[in-house]
Amino acid sequence: MSDAATAISIPHIRADLDGRVMAPGEPGYDEGRTVFYGGIDRRPAAIVRAANAADVSRVIAVARETGVELAIRSGGHSIPGHSTTEGGIVLDLRDLDTLEIDVESRTAWVGGGVTTGRYTKAAAEHGLATPFGDTGSVGISGLTLGGGVGYLVRKHGLTVDDLLAAEVVTADGKLLRADTDSHPDLFWALRGGGGNFGVATRLQLRLHEVDTVVGGMLILPATAETIYGFMAEAEGAPEELSAIANVMPAPPMPFLPAEQHGRLVIFAVLVYAGEAEAGERAVAPFRALAEPIADMLGPKRYPEVFVPGEEGFHPVASARTMYVDTVDRRAAEKIVEQLQASTAMMAAVQLRVLGGAAAMVPVDATAYAHRQSRIMVNIAAMFGSPDEAPVHEQWVAGLADAVRQDDRGAYVNFLGEEGQERIRAAYPGETWDRLVAVKRRYDPTNLFRLNQNIPPD
Ligand SMILES: Cc1cc2nc3c(=O)[nH]c(=O)nc-3n(C[C@H](O)[C@H](O)[C@H](O)COP(=O)(O)OP(=O)(O)OC[C@H]3O[C@@H](n4cnc5c(N)ncnc54)[C@H](O)[C@@H]3O)c2cc1C
């Protein structure tokens with residue numbers, strides 16, 4: 001038994017909480033310690049499913065008094081597996097699942113354990129949306145606290161741009177409300193600084209009118225010309241249009257002709273959030289880049305643009321995230337060349353054109369500071385077993401080196417376990433110093449350290 005496990009008393013925690021506590025071997029324990037990414041096999045001493053903010057505060061007290069490692073879990077999609085721990089406590093927020101939409105004021109209060117997919121579907125019933133990412137199973141808390149970049153980024157900005165308030169339990173166990181008037185320093189830090197400052201039990205978000213959009217999946221053959229052309233079109237498009245393009249071997253999806261499986265494609269999802277006719281005009285140039293392999297673009301309700309996830313999918317992956325100024329022909333050639341050379345089960349380069357509303361917010365307004373970065377690039381290799389990691393790590397690092405330009409920033413939500421220098425790259429210039437000052441104030445002992453950590457000293 002680990003030191004941490006002996007330091008905490010399960011019966012004592014259980015007696016003190018309204019929510020469920022699961023110890024090793026108990027029902028729900030194995031499900032509770034499983035996170036999205038595969039190859040992460042940690043055994044917490046206890047998994048606590050908090051029922052309310054008071055439970056969160058009590059668990060924080062146990063961590064504070066015993067010194068055990070505390071993992072905060074919302075949607076469980078942390079890329080380095082920060083939402084589980086070896087021998088510590090997992091504070092699982094999935095039961096903080098309230099969702100109250102106020103149609104009149106176009107705002108919502110949402111529990112810290114709600115997924116972005118559930119919220120998106122509920123808001124769409126009123127013709128409303130808040131911008132999140134491309135995957136519905138991702139948690140609202142983890143995504144929002146790091147920034148939140150998705151299909152509405154150019155039209156409506158980042159998720160943090162719509163965060164109006166947060167209720168947060170800090171390291172001293174107090175439940176605070178952070179907004180522009182109350183604890184404004186904390187509110188600034190929460191908008192990009194991740195889980196460093198406390199546990200968000202509820203978030204208040206702004207909603208936008210997003211009803212029928214023109215968008216969906218477009219799959220094109222990937223060549224240097226089509227990749228370069230796609231990016232040029234996406235950069236020149238009106239800001240109503242956001243696109244996420246994955247250059248990857250075509251997956252064996254039933255609607256794709258068998259002869260295409262495994263061939264390099266641009267697997268893109270486009271969203272034009274605006275008037276239908278203008279939307280059709282905006283997506284037309286993408287269709288014209290090459291004979292589409294699949295074209296599902298058209299008017300649809302916003303939640304319908306999301307590609308459904310696969311239940312029980314737990315990929316083992318190596319990845320790099322970066323920003324570039326442009327994907328020119330040379331970069332496009334490198335992408336094609338390197339993807340063809342990968343020996344991974346699946347390799348992909350994901351390209352997201354930024355700008356628009358996200359770039360209109362001043363750089364120092366939130367802890368997410370890469371407002372002027374133009375394109376986000378995520379390079380990923382997925383493979384069968386962690387033993388294969390070294391070869392794929394080398395591949396992702398090599399491709400990152402090949403396409404890197406002057407922008408040395410990083411997006412915290414896509415960082416792996418890459419060291420302090422890369423965490424600092426997520427917080428350029430004065431952003432870092434301001435975050436350290438907020439950390440000193442709200443978490444001086446670094447209780448919340450299992451994250452992309454901003455140490456207080
Ligand atoms: C398949 C996939 C697709 C993705 N797509 C996008 C995308 O399109 N856009 C984008 O911006 N990001 C995307 N991401 C990245 C995602 O935003 C981050 O991985 C995020 O941290 C996941 O949040 P979560 O709540 O699911 O994760 P968790 O693993 O539960 O949490 C991650 C970390 O966030 C912190 N945290 C979570 N909840 C709280 C809370 N309530 N209070 C305080 N701290 C908390 C903790 O430090 C925790 O370790 C994607 C990730 C994956 C795996």
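Below are the figures for this structure:
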| item | result |
| --- | --- |
| Using alpha-carbon coordinates, inclination of helix 224-236 to the longest axis of the chain, degrees | 70 |
| Carbon + sulfur, % of accessible area of the chain - ligands and nucleic acids excluded, 1.4 Å | 51 |
| Cα gyration tensor shape for region 1-147, rounded if a/c is under 1.5, else prolate or oblate | prolate |
| Of Gly429, Thr144, Gly113, farthest towards positive along the dipole that unit charges on Lys, Arg, Asp, Glu beta carbons give the chain | Gly429 |
| For the chain, average projected area of the Cα convex hull in nm² | 20.7 |
| Förster radius 41 Å - calculated FRET efficiency between Thr98 and Ala288, Cβ distance, rounded to 0.05 | 0.35 |
| Potential lengthening between Asp41 and Ala341 on full extension [0.36 nm per residue; Cα-Cα distance subtracted] | 105.0 nm |
| Pairs of Lys in the chain closer than 21 Å at Cα, counting only those 8 or more apart or on different chains | 4 |
| Dimensionless Rg over Rh [region 305-395; C-alpha; Kirkwood] | 1.04 |
| Cα gyration tensor shape of region 354-413, rounded if a/c is under 1.5, else prolate or oblate by comparing a/b with b/c | prolate |
| 5 Å binning of all Cα-Cα separations within region 87-238, expressed as whole percents from 0 upward | 2, 9, 17, 21, 17, 12, 9, 6, 5, 2, 1, 0 |
| Residue-averaged 222 nm ellipticity for the chain, from DSSP H runs of 4+ at -39500 (n - 2.57), nearest 500 | -8500 deg cm²/dmol |
| Unit charges on C-beta of K, R, D, E only; dipole of region 55-129, Debye | 140 |
| Extension gain from Ser182 to Lys300, taking 0.36 nm per residue of separation minus the Cα-Cα distance | 38.5 nm |
| Helix axis angle, 389-403 relative to the chain longest principal axis, alpha carbon, degrees | 50 |
| DSSP bridge orientation in region 54-146 - percent antiparallel, rounded to nearest 5 | 55 |
| On Cα atoms only, tilt of 329-341 relative to the major axis of the chain in degrees | 70 |
| Cut-off 17 Å, label 7 Å out along Cα→Cβ of Ala7, residues of region 165-203 by amide N | 171-173 |
| Net charge of Cβ neighbours under 12 Å - reference Val213; Lys, Arg +1; Asp, Glu -1 | -3 |
| Net charge dipole size for the chain [Lys, Arg +1 and Asp, Glu -1 on Cβ; Debye, nearest 20] | 480 |
| Cβ-defined net charge surrounding Gly75, 12 Å radius [Lys, Arg +1; Asp, Glu -1] | +1 |
| Taking all pairs of distinct alpha-carbon atoms in region 226-272, Kirkwood radius in angstrom | 11.8 |
| Point-to-point label distance, Asp387-Asn453, nm (Cα→Cβ direction, 7 Å offset) | 3.1 |
| Gyration tensor (alpha-carbon) shape descriptor, region 363-457, a/c threshold 1.5 | oblate |
| Efficiency of FRET between Glu310 and Leu175 - r from beta-carbon atoms, R0 35 angstrom, step 0.05 | 0.40 |
| Solvent-accessible area of Thr135 with every protein chain in place, 1.4 Å probe, in Å² to the nearest 10 | 50 |
| Heavy-atom surface of the chain, accessible at 1.4 Å and reported per residue (Å²) | 40 |
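The values are calculated or read from the model by the stated rules, or taken from the named source; none is laboratory data. Everything numeric in this text was worked out from a predicted model, so none of it was measured. Note that each Cβ is placed from the backbone with ideal geometry, even for glycine, and that neighbours are counted across all protein chains shown. Quick note on the areas: whole protein, heavy atoms, side chains included, nothing else; ligands and nucleic acids left out. Shrake-Rupley method; radii C 1.70, N 1.55, O 1.52, S 1.80 Å.
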